[in-house]
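A.B. asks: Submitted below is the structure of interest, expressed as structure tokens.
The values are calculated or read from the model by the stated rules, or taken from the named source; none is laboratory data. Everything quoted here is computed from the prediction, not taken from an experiment. Here the Cβ is made from the backbone with ideal geometry for all residues, glycine too, and neighbour counts use every protein chain on show. Quick note on the areas: whole protein, heavy atoms, side chains included, nothing else; ligands and nucleic acids left out. Shrake-Rupley method; radii C 1.70, N 1.55, O 1.52, S 1.80 Å.
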Amino acid sequence: MKSIIRYTGTIAVTAMVAWATAAYLFGSSADAQPAPQPPPQPTEQAAPQADGSSGAQPGAAAAAADTGAAAQAGSAAPPEPAKPTIVEVPCDNATPATTFTGPVDGEVATDSVVKFALPPSVDIIPDSQTSAGLEVKAGQTRCLKFTADGTFLFHSSTKQRGAITARQWYDILVNKQVDDLKGGNFWMPKAVNLTADDSDLMYYAVLGLSLFFFLAIAGAVVFLVVKYRHRPGHKPEPSPAHNDALEITWTVIPTIICVFLFYYGWTTYVRVVTPPTKAVEINVLAWRWNWQFTHSNGVQDSDLHVPVNTPVRLVMTSKDVLHSFYAPVMRVKQDIVPRRYTYAWFFPTKPGTYRLTCAEYCGTNHSQMGITNDGRRAVLVVHEPGGYERYLADKAAQSTKLPPVDLGKLLYEKKGCNACHTVDGSARVGPTWKGTFGTMVPLSDGTQVKMDESYIRESMIYPQAKSRPGYPPSMPSFEGQLKEKDILGIIAYIKSLK
Ligand code: CUA
């Protein structure tokens, strides 16, 4: 009996040591844990943007110089139609967000001050009407402000070319390289969710235990096979049919380990699926093939923006098939089911831009779900303190002041129209939008219909009413998800695609 106790004790201690070692070695990877604090209430009403109108207008001289420059530079067509919106501001009372010292490609936040401090050998000459006002002479220092989004092309008399892209500050965040690979290890990216500590520890403990037992058992097998191999002069010994000590050992120890794993796993699971009552709530709608995140003030986006150090609760549903919300750094993966709501929550501990994918096969473009026109994937942005509230206000203000064509173009990506419809004339899952407005299009029933405002509208609300031959009738209805203004915007955008 004494030997049983000693034997049991030895193995139990070894298992515990293996556990502790695994947990210590692989470590828990979430950040230092700040004390949970009540979430800030997002502003209900969108605050008007701080900078409504800038008084200064680009000088006539710059515009005149531009005409000459454009002729000289040849046919560098601006990729984006944008108004001349580069204005000069005094350098002394503004802190520049960026400083350029020569013609390089750069990205700046819309409405931030950009300082151009050029050496005596380099100058900047705008390439087109779009970039009018973007003119800096050699050796000059000017502070400019880009008051609208767009790409502004320029060149230098040294034949160098450059482009500056102005984007809203939150668009710069979503276009950043994802931070997932910073500080992770071989197994997982670094967790930024407060509750991820427990699930990570579970993962490493199970991994450590499995490794320990695999090596111990495989080692014993190899050792015994070699030691008792058949040799001349050796007779097989009779093996015992029964050994109480051994049988009790291999029952009791695994039981203890399993009960421990169960207890730890269960309490962690309960924590992971129970969001705190005070959480920022965001509605998630998934469909083939995009995300739509709706915030408390009505702002909708296909990237998920959340505040830092605040619990976030997602209320999710799908328009068509199963999808799955997966944010690896949050250790959150939850199926999204049509006609019912599922939930997920997390507590972000570190601002950054992180990966966000669909983790359930949902059809042809599953791997492209949430991808934008320029090939960027949907992301999860954790804002610095105060950034989330600013995002809600700025985003709301932006969508109200967009001209219809720009709003339509924005919705084309944000509502995921781009997953099925191209704007370059090629066919995808659905027909292209380019050059079709005003033409007669054939229908599946053999008749024809004029592609006009009414047809576009009907196709968004009742997609199957007049379907086109050669395309699967798989478009979901956008009834209730597009405001009248949005519908007009999309129609205006389709009209603009000649
Ligand atoms: Cu949505 Cu896969």
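A.B. asks: Report, by residue number, each residue of the stretch 290-326 that is among the aliphatic types (A, V, I, L, M) and away from the ligand (no atom under 14 Å from the Cβ).
C.D. replies: Val299, Leu304, Val306, Val308, Val312, Leu314, Val315
A.B. asks: Looking at the stretch 475-498, I want the residues that are over 18 Å from Ser318 (Cβ atoms) and open to solvent by less than 40 Å² (accessible area, probe 1.4 Å) and have a partner that is assigned to a loop (DSSP other than H, G, I, E, B) and β-branched (Val, Ile, Thr) with Cβ atoms under 7 Å, at least 6 apart or on another chain. Which pairs are those?
C.D. replies: Leu497/Val423
A.B. asks: So, one more: Looking at the stretch 348-367 only, could you name the residues that are open to solvent by less than 60 Å² (accessible area, probe 1.4 Å), of a type outside the set (S, T, N, Q) and either away from the ligand (no atom under 15 Å from the Cβ) or in contact (Cβ under 8 Å) with a residue 60 or more places away in the chain (or both)?
C.D. replies: Pro348, Pro351, Gly352, Tyr354, Leu356, Cys358, Cys362, Gly363, His366
A.B. asks: Give me a count of the residues in the stretch 101-154 that are touching a residue at least 24 places away in the same chain (Cβ under 8 Å) and part of a strand (DSSP E or B). First the steps, then the outcome.
C.D. replies: Of the stretch 101-154, the ones touching a residue at least 24 places away in the same chain (Cβ under 8 Å) are 102-117, 121-135, 140-154.
Filter once more, keeping what is part of a strand (DSSP E or B): 106-109, 113-117, 124-126, 141-146, 150-154.
Result for the stretch 101-154: 23.
A.B. asks: Follow-up question, since we're still on this one. Quick check on this structure: which one of Pro472, Pro431, Pro463 is under 30 Å from the mean Cα position of the chain (by Cα), closer than 24 Å to Ile371 by Cβ and exposed (fewer than 14 other Cβ atoms within 10 Å of the Cβ)?
C.D. replies: It is Pro472.
A.B. asks: Within the stretch 117-148, can you find the residues that are within 36 Å of the chain's Cα centre (by Cα) and among the small types (Gly, Ala, Ser)?
C.D. replies: Ala117, Ser128, Ser131, Ala132, Gly133, Ala148 - these are the residues of the stretch 117-148 that are within 36 Å of the chain's Cα centre (by Cα) and among the small types (Gly, Ala, Ser).
A.B. asks: State whether one or more residues within the stretch 368-384 are more than 12 Å from the ligand (Cβ to nearest atom), modelled with pLDDT under 85, over 24 Å from Val308 (Cα atoms) and polar (S, T, N, Q).
C.D. replies: The answer is yes, given that some residue of the stretch 368-384 is more than 12 Å from the ligand (Cβ to nearest atom), modelled with pLDDT under 85, over 24 Å from Val308 (Cα atoms) and polar (S, T, N, Q).
A.B. asks: Is one or more of the residues making up the stretch 267-282 open to solvent by less than 10 Å² (accessible area, probe 1.4 Å), over 15 Å from Leu194 (Cα atoms) and within 16 Å of the ligand (Cβ to nearest atom)?
C.D. replies: Scanning the stretch 267-282 turns up no residue that is open to solvent by less than 10 Å² (accessible area, probe 1.4 Å), over 15 Å from Leu194 (Cα atoms) and within 16 Å of the ligand (Cβ to nearest atom).
A.B. asks: With the structure loaded, tell me whether Glu80 is modelled with pLDDT under 75 and within 30 Å of Asp424 (Cβ to Cβ) or whether it fails that test.
C.D. replies: yes
A.B. asks: Can I ask one more? Tally the residues that are more than 19 Å from Asn193 (Cβ to Cβ) and open to solvent by less than 10 Å² (accessible area, probe 1.4 Å), restricting the search to the stretch 319-335.
C.D. replies: 1
A.B. asks: Filtering the stretch 337-347 down to residues that are touching a Leu at 6+ places or on another chain (Cβ under 7 Å) and within 16 Å of the ligand (Cβ to nearest atom), which residue is nearest to Ser367 (Cα to Cα)?
C.D. replies: If we take residues in the stretch 337-347 being touching a Leu at 6+ places or on another chain (Cβ under 7 Å) and within 16 Å of the ligand (Cβ to nearest atom), then Val337 is nearest to Ser367 (Cα to Cα).
A.B. asks: Which of the residues that make up the stretch 169-227 are open to solvent by 40 Å² or more (accessible area, probe 1.4 Å), of a type in the set (A, V, I, L, M) and not in a helix (DSSP H, G or I)?
C.D. replies: Passing the criteria: only Leu181.
A.B. asks: List the residue pairs whose Cβ atoms are under 9 Å apart, where the first residue sits in the stretch 307-323 and is among the basic types (Lys, Arg), the second is assigned to a strand (DSSP E or B) and near the ligand (Cβ under 9 Å from one of its atoms), and the two are 6 or more positions apart or on different chains.
C.D. replies: These pairs meet every condition: Lys319/Ala286; Lys319/Trp287.
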